[in-house]
Amino acid sequence: MKRFRILTTALLLSVCAVLPAQENEEQEYDYTFNPHFFIQGNIGGQYTLGEIPFFDLTYFNAQLGFGYEFTPSVALRLSVNGWKSFGGIDENFTPDGNRYSWSWNYVSPSLDLMFDLTNMIGGFNPERKLSAGLLAGIGANFVFSNKEAEDAKQDLIAAYNTTVDISGDVMEYVENRRTLYWPFRFGGFVDYHINDKWAVGLEMQANTLSDQYNSKKTWNTDWYFNGLIGVKYCFGPTHSKTPKEKMIPASQAPECPEVEPEIIKEIVEKPVEVEKTTIYEEIYYDINKDEVSRAEMYKVRRIVEFMKANPDAKIEVSSHADAATGTAEYNQKISERRANNVVKLLKDNGIDESRITYSAHGSSENMYKGEDMNLNRVSICTVK
């Protein structure tokens, strides 16, 4: 438990240290988290708690996991961990002064609940490179190949120079040992995100289970600890982003020059000429959405106000979908729905249909690549 308290404290300190270092720059985009599946592969080492030297109780360890991230902070993972565990008796507790050790193989599936503390405390930010969190889970542990423990017990019987079974001593559980145990695990993890798909990480686990696990009777629970490094891959788009509206602070706004009042001697009435200009708006969509979101609706209102102020102005709506998701046929249909929905909003707000032209291009004319592919989910509105 002391080791785990140290681990937990270290993780919390790392979260506090990581957040300020990564939040200095103002984000240029608004991010939306997309729930998604992931797969993990890990390899490392295991230490089975005991009284013989540390390296006599350690061995390689491997783990494969498959999970689902429900929110930026909570995920559920099914993992399978296993290889080999060790037990032993120190020479100070044997009649012949010899140290006895043995090993056995095991496979342990587990269901883990994972909490990303970095997102929980600092908010979701896919541009953040480091994240840290805690995990807790329950599982099963299937034990097999326990012959070394049986041989060690026979050697101890011979060392006592008796044919009497010493089943009442520390080796009592060798013959009565079960092949199935129910461990409880808890631990922590730190991940470095290479991009939105790939991450490498470190995971530490503490597992506790029945006193019979190491074949020794010690009247308390047995423990083993895993230290693992691995790779994580996320399926599908993990998030979407839209550019933020850039606001100019009042302190940076240009100052208006002072103008001396001028006395108007004669008033001549002239018609006010409204200078006609061109406006350009890009309306962005979340994945698989064709309705204009509340966050983007102000762009439609801006277009309507401009067209009402300029009765001769006409609008061209060009809608698109991103090629990273969906088939070409589906992308064509969703871009058509996006264009139709923008046209309907304009008509509902008093813009005559004769002033509107529109087109849908599916995913055939993507302008953005790589991490910016989601910016291709857009309706481009040009008014002139």
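The residues listed here are 30, 90, 56, 116; of these, the one that is at pLDDT 95 or above and either aromatic (Phe, Trp, Tyr) or in the same structural domain as residue 179 (by TED's automatic domain parsing) (or both) is 116.
Where strands (runs of 3 or more DSSP E) sit wholly within segment 269-371, none has at least 3 residues that are of a type in the set (Gly, Ala, Ser) and closer than 18 Å to residue 382 by Cβ. Hey, could you check segment 278-328 for residues that are basic (Lys, Arg) and within 17 Å of residue 32 (Cβ to Cβ) and say which is surrounded by the most Cβ atoms within 10 Å (Cβ to Cβ)? It comes out as 289.
Inspect segment 134-155 for any residue being in a loop (DSSP other than H, G, I, E, B) and modelled with pLDDT under 90 and give the result as yes or no.
Taking segment 134-155 first, the residues in a loop (DSSP other than H, G, I, E, B) are 140, 145-146.
Restricting the remaining residues to those that are modelled with pLDDT under 90 gives 145-146.
Checked segment 134-155: at least one residue is in a loop (DSSP other than H, G, I, E, B) and modelled with pLDDT under 90.
Within 25 Å of residue 43 (Cβ to Cβ) and at pLDDT 95 or above, is that true of residue 131? Yes. Among all positions in segment 130-148, there is at least one residue which is within 30 Å of residue 53 (Cα to Cα) and free of Cβ contacts under 8 Å to residues at least 24 places away in the same chain. Scanning segment 329-344 for residues that are surrounded by fewer than 18 Cβ atoms within 10 Å (Cβ to Cβ) and of a type outside the set (S, T, N, Q), we see that the one that is nearest to residue 309 (Cα to Cα) is 344. Would segment 56-64 turn up any residue that is free of Cβ contacts under 8 Å to residues at least 24 places away in the same chain and over 35 Å from the mean Cα position of the chain (by Cα)? The answer is no; no qualifying residue exists.
Out of 106, 100, which single residue is surrounded by 15 or more Cβ atoms within 10 Å (Cβ to Cβ) and over 31 Å from the mean Cα position of the chain (by Cα)? Break it down into steps so the answer makes sense when it comes.
Values: 106 fails: over 31 Å from the mean Cα position of the chain (by Cα).
Result of the check over 106, 100: 100.
Within segment 173-210, how many residues turn out to be free of Cβ contacts under 8 Å to residues at least 40 places away in the same chain, under 30 Å from residue 373 (Cβ atoms) and either outside the structural domain of residue 36 (by TED's automatic domain parsing) or of a type in the set (Val, Ile, Thr) (or both)? Going through segment 173-210 one residue at a time, the tally reaches 2.
Would you be able to say whether some residue in segment 248-265 is touching a helix residue (DSSP H, G or I) at 6+ places or on another chain (Cβ under 8 Å), in a loop (DSSP other than H, G, I, E, B) and either modelled with pLDDT under 55 or assigned by TED's automatic domain parsing to the domain that holds residue 38 (or both)?
Just the residues of segment 248-265 that are touching a helix residue (DSSP H, G or I) at 6+ places or on another chain (Cβ under 8 Å), to begin with: none.
No, that holds for no residue.
The values are calculated or read from the model by the stated rules, or taken from the named source; none is laboratory data. Note that the coordinates shown come from a computational prediction; the quantities given were computed from them, not determined experimentally. A quick note on method: Cβ atoms are made from the backbone with ideal geometry, for glycine too, and the neighbour counts reach across all protein chains shown.
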